[in-house]
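Shown next, in structure tokens, is the structure this report addresses.
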Amino acid sequence: MRSLLRDNLLEVITEVSKEKALDRDIMIRLVVESIVQAAKRKLPYESIEGSFNKRTGQIELFQYKEVVDIVDDADNEVSLDEVQEIDPEAQIGDEVEYLIDEREFNRIARSARSIIFGSIREAEREMIVSTFEKRVGEVLTGTVLRSESNGRIALRFLDKTDAYLFRREQIPGENFSYGDHIRVYLMDVNNNPQKPSQLSISRTHPGLLIKLFEMEVPEIYDGIVKIVSAAREPGKRAKISVYSTDPDVDPVGSCVGIRGSRVQNIVNELYGEKIDIVRWNEDVAVYTTNALAPAVIDELVIDEEAGEIDVIVKQDQLSLAIGSKGQNVRLASRLVGYKINISVDEEEAPSIEEQLTRELERGKEERELLYTGITSGLHAAGTPAAEAAARRNEDVAATKSEDSPGEEIETETVSADPAIEDPETATTVTEPTESDTEPETSAQTADPSETTEEKPS
């Protein structure tokens, strides 16, 4: 703001009113009040008033003195004789008006800068409150001014009002550049000068999802389709429940749109957030079943006093009901308004013994598969595989004898007997006993096709 002198004060007021989008008359009133306040601090006069002269376009300050017989305070009193020279009809007790000269006015105006700026800021806050308080709960479109190092984004609304979109109210992964237009949900308006932003805005609030559906779906705007509630995990997944007041109108289909066009527009606005549209029902059990889709529910037990619902599902439906990291059941719980506990049907749930058996069998199968190329067919002497291996050893020895006559050939035999630690010392394989050939029993029989038997050469 330029120097606040009497000659250019009106010009400065006009410029500031345009910059701050404040009414010119309001600005003049604020400046006059600020200068009067500063004058009372700087001057020894008890009674000071100010006014705007529309004819001259200047702000004027006036001092008022009381008419007395004997003057004790020259700054605030004037004698009757002195006044009657100007106004013969003046009486004791009257007040006489004196215009404060330009020199004093300019000195006061300079000292009033901080007061004027404070008054302007207060007027701005009041203007923002009056403009936006009736729009709480609506979607606003703001223009990105800048992204700050602390993560908050400065936005401008209606080309005159600035506000901050804090990191906690942003959808994870979103990035904005200067000049981008983004939609936000107006949560609250305040007149607290200590807060960095008068407008409390959000892109994570469930209200944003509801308002976007109202804007995108004509049936919702017209009141044919009603939104009951919404729950979000911003940027990941959301659920919204709807019902129709017209039996001929499908609420879910209306929200989805032709080939999903309506809901897809909202998904794009919310940075790819997946949206489940749930059909609301006054029956809590049916409503909960719809909310937990795509999982199939076997049984529901509702405890209204505790505000809880026990849901029983089959084993193969458990992961669907819970969702990724519990996402599905959390959103359904918020949507329905009950705490939802999910458990598996006892008849479907495996016992601890069965679970341990499965784990042991799984480990055994993995070990067998790991060594199948080495151990297949060589479990006991006398089996076809063992005989094939013996023949293979004999053929190898004969070939080496023909190639190198006179050399002693060492025959290597593979034994399945763990008692024989050094295979080089074993030259023969004994016939198996009855106990050696008896098959080993287990809880689960391996698939024969998983074992590869080596063919003789």
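In nm, what is the difference between 0.36 nm times the number of residues separating Ala306 and Ser79 and their Cα-Cα distance?
Going from the current span to full extension adds 73.2 nm.
What does the charge add up to near Val242, with Lys and Arg as +1, Asp and Glu as -1, over the other residues with Cβ less than 13 Å from its Cβ? Let's see the in-between values first.
Working: positive: Lys226, Lys239, Arg262, Arg279; negative: Glu214, Glu216, Glu219, Asp246, Asp250, Asp276.
Net charge in that neighbourhood comes out at -2.
So what is the orientation-averaged projected area of segment 136-204, using the convex hull of its C-alpha atoms, in nm²?
Over all viewing directions, segment 136-204 projects a mean Cα-hull area of 4.6 nm².
Within segment 1-103, which GluC sites (Glu not before Pro) sit in a loop by DSSP and count at most 10 neighbouring Cβ atoms inside 10 Å?
Filter output for segment 1-103: Glu85, Glu89.
With the radius of gyration and the Kirkwood radius both derived from the Cα set of segment 9-124, what is their ratio Rg to Rh?
Numbers: Rg = 16.8 Å, Rh = 15.6 Å.
Answer for segment 9-124: 1.08.
Between Arg24 and Glu126, what FRET efficiency follows from the Cβ-Cβ distance if R0 is 22 Å, with the result rounded to 0.05? Walk me through the numbers before you get to the answer.
Numbers: r = 16 Å, r/R0 = 0.72.
Taking R0 as 22 Å, the efficiency between Arg24 and Glu126 is 0.90.
Over segment 260-342, what lengths in whole Å, largest first, do the semi-axes of the equivalent ellipsoid take, defined as the square roots of 5 times the eigenvalues of the alpha-carbon gyration tensor?
24, 15, 11
In whole Hz and in residue order, list the ³J(HN,Hα) couplings for segment 217-233 that follow from phi through the Karplus curve 6.51 cos²θ - 1.76 cosθ + 1.60, θ = phi - 60°; x for Gly and Pro.
The phi angles translate into 10, x, 5, 6, 4, 7, x, 6, 9, 10, 9, 8, 7, 8, 9, 9, 10 Hz.
Please report the antiparallel percentage of the DSSP beta bridges confined to segment 229-280, to the nearest 5.
On the way: 5 of 11 bridges.
Counting only bridges with both partners in segment 229-280, antiparallel ones make up about 45 percent.
In nm, what is the difference between 0.36 nm times the number of residues separating Lys42 and Lys160 and their Cα-Cα distance?
So the chain would gain 39.0 nm between Lys42 and Lys160.
For Ser229, what residues show an amide H to amide H distance below 5 Å, using hydrogens built from the backbone and excluding near sequence neighbours?
Answer set, sorted by chain and number: Ser241.
Greater than 20 Å separation of Cα atoms is the criterion. Which listed pairs, Lys195/Lys236; Lys20/Lys211; Lys211/Lys274; Lys274/Lys325; Lys20/Lys54, meet it?
Over 20 Å apart, Cα to Cα: Lys195/Lys236; Lys20/Lys211; Lys20/Lys54.
How far is the Cα center of segment 84-123 from the Cα center of segment 228-289, in Å?
Between the Cα centres of segment 84-123 and segment 228-289 lies a distance of 65 Å.
Asp72 to Asn192: extension gain in nm, 0.36 nm per residue of separation minus the Cα-Cα distance? If you can, show how the numbers build up before the last one.
On the way: separation 120, 0.36 × 120 = 43.20 nm, distance 4.61 nm.
Taking 0.36 nm per residue and subtracting the Cα distance, the gain is 38.6 nm.
Read-outs: derived from the displayed coordinates by stated rules, not from any lab. As the structure is a prediction and not an experimental result, all values here were calculated from the model. Here Cβ is always computed from backbone atoms with ideal geometry, including for glycine, and neighbour counts include all displayed protein chains.
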